[in-house]
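Student: Okay, handing you the structure first.
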Amino acid sequence: MVFFFLKNLKYLLRKSVINNTINKFKFIFYYKKKTKLKFNFLIFIKLFLVSEIIKKKHNQNQKRFHFNQKYIFGEDWFSINIPIWEYFFKKELNLNSQLDYLEIGVFEGRSIIYICEKYKDIQVTCVDPYDKYENIESSAKKQEMSNIYKTFQNNTKNLRDRINHHKITSSDFFKINNKTFDIIYIDGSHFYLDVYNDFENSLKILKNGGLIILDDFLWNYYEKIEDNPINGIMPIIVKRKNLQIISASNQLIIKKIES
């Protein structure tokens with residue numbers, strides 16, 4: 001790891017990288033101070049820097065993923081995460097075997113389209129009731145969820161043999177689900193209690209060695225930091241000994257270690 005950092009030292013000393021890392025770390029530090037939750041917050045500096053290097057190397061060495069023009073999307077909140085996903089999927093998963101992927105919070109289906117286009121052996125289960133979104137960007141708030149749902153249906157109409165969509169809440173889905181998954185992406189309600197429940201329920205159906213991706217780990221929408229996603233995430237990580245944080249940026253990626 002030391003060599004990894006030394007090799008990329010020039011990039012890490014860029015002002016933009018330093019500022020991004022400091023701002024992210026300040027948020028973690030403030031959360032720890034505010035909640036008095038006991039965890040090693042210094043590890044996040046390393047994780048933030050590693051994610052910056054991965055994104056930089058990806059942009060230099062690989063073609064960017066381009067969404068086909070046959071799909072219709074609004075604002076893109078997802079593509080910035082693709083380099084991290086590709087790096088850790090390749091590192092942690094057997095991509096030559098059939099994998100099961102669960103996504104909570106679908107919207108227009110951009111991340112699902114990416115999964116289906118990039119990984120042909122992954123089967124997708126997704127959950128979204130398409131109720132009104134209260135805690136996302138104002139441009140999305142203004143859109144009728146019935147129209148968003150139609151956009152999702154149109155975007156995925158040629159992929160229905162690989163996608164099983166549940167138009168219900170995540171809490172209702174967990175009551176009826178009997179599958180286990182290799183990858184779970186949690187991007188539903190961002191209120192801390194909903195994130196906590198989605199995270200806890202997801203861990204019960206995540207296979208050993210599987211990955212959970214938690215969106216907007218550093219999101220600061222609510223005035224009280226305790227109401228934001230981080231407070232639905234860190235208490236679970238602290239109390240469970242079989243979880244390993246393998247990536248931290250705007251998203252957190254957790255690996256479930258066999259107990």
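Student: Just to confirm a number: summing +1 for Lys and Arg and -1 for Asp and Glu over residues other than ASN158 whose beta-carbon lies under 14 angstrom from that of ASN158, what do you get?
Tutor: That sum, taken over residues with Cβ under 14 Å, equals +3.
Student: Which one, GLY109, SER247, ILE53, projects farthest toward the positive side of the charge dipole computed for the chain from Cβ point charges (K/R +1, D/E -1)?
Tutor: The Cα lying farthest towards the positive end belongs to ILE53.
Student: Does region 1-117 come out rounded, prolate or oblate by the C-alpha gyration tensor, with a ≥ b ≥ c the root eigenvalues, rounded set by a/c under 1.5 and, if not, prolate when a/b is larger than b/c and oblate if not?
Tutor: Prolate, since a/c reaches 1.5 and a/b exceeds b/c.
Student: Summing -39500 (n - 2.57) over the DSSP H runs of n ≥ 4 in the chain and dividing by its residue number, what mean residue ellipticity at 222 nm do you reach, to the nearest 500 deg cm²/dmol?
Tutor: Helix contribution divided over all residues of the chain: -13500 deg cm²/dmol.
Student: What percent do you get for the relative contact order of the chain when only Cα pairs under 8 Å and 6+ apart count?
Tutor: 17 percent.
Student: Dipole size in debye (nearest 20) for the chain around its Cα centre, Lys and Arg Cβ +1, Asp and Glu Cβ -1?
Tutor: Here the size comes out at about 1180 debye.
Student: Between LYS224 and LYS204, with labels modelled 7 Å along Cα→Cβ, what's the label distance in nm to one decimal, could you check?
Tutor: The answer from the label model is 2.6 nm.
Student: Counting other Cβ atoms within 10 Å, which trypsin sites (Lys or Arg not before Pro) in region 178-209 have at most 13 and lie in a DSSP loop?
Tutor: For trypsin sites (Lys or Arg not before Pro) across region 178-209 that sit outside H, G, I, E and B with at most 13 neighbouring Cβ atoms in 10 Å, the list reads LYS179.
Student: Also, I was wondering about something else. For region 104-259, give the percent of accessible area contributed by carbon and sulfur heavy atoms, probe 1.4 Å, rounded to a whole number.
Tutor: Answer for region 104-259 is 43 percent, counting heavy atoms of protein chains only.
Student: Over 21 Å between C-alpha atoms is what I'm after, so list which of LYS24/LYS56; LYS32/LYS224; LYS70/LYS90; LYS7/LYS55 land there.
Tutor: As for pairs spanning more than 21 Å Cα to Cα, those are LYS70/LYS90.
Student: Please work out the average accessible area per residue across the chain, using the 1.4 Å probe convention, and give it in Å².
Tutor: 53
Student: Rounded, prolate or oblate, given the Cα gyration tensor of region 91-240, with a/c below 1.5 counting as rounded?
Tutor: Taking the square roots of the gyration eigenvalues as a ≥ b ≥ c, region 91-240 is oblate.
Student: Which of rounded, prolate, oblate describes region 185-255, given a ≥ b ≥ c as roots of the alpha-carbon gyration tensor eigenvalues and a/c under 1.5 marking rounded, otherwise prolate only if a/b is larger than b/c?
Tutor: Prolate, because a/c is 1.5 or more and a/b exceeds b/c.
Student: As a test, work out the antiparallel percent of DSSP beta bridges whose residues both lie in the chain, rounded to the nearest 5.
Tutor: 30
The values are calculated or read from the model by the stated rules, or taken from the named source; none is laboratory data. Keep in mind the model is a prediction, meaning the values are calculated, not measured. We place every Cβ from the backbone using ideal geometry, glycine too, and count neighbours over all the protein chains shown. Side chains included, ligands, DNA and RNA excluded: accessible areas come from the protein's heavy atoms. Shrake-Rupley method; radii C 1.70, N 1.55, O 1.52, S 1.80 Å.
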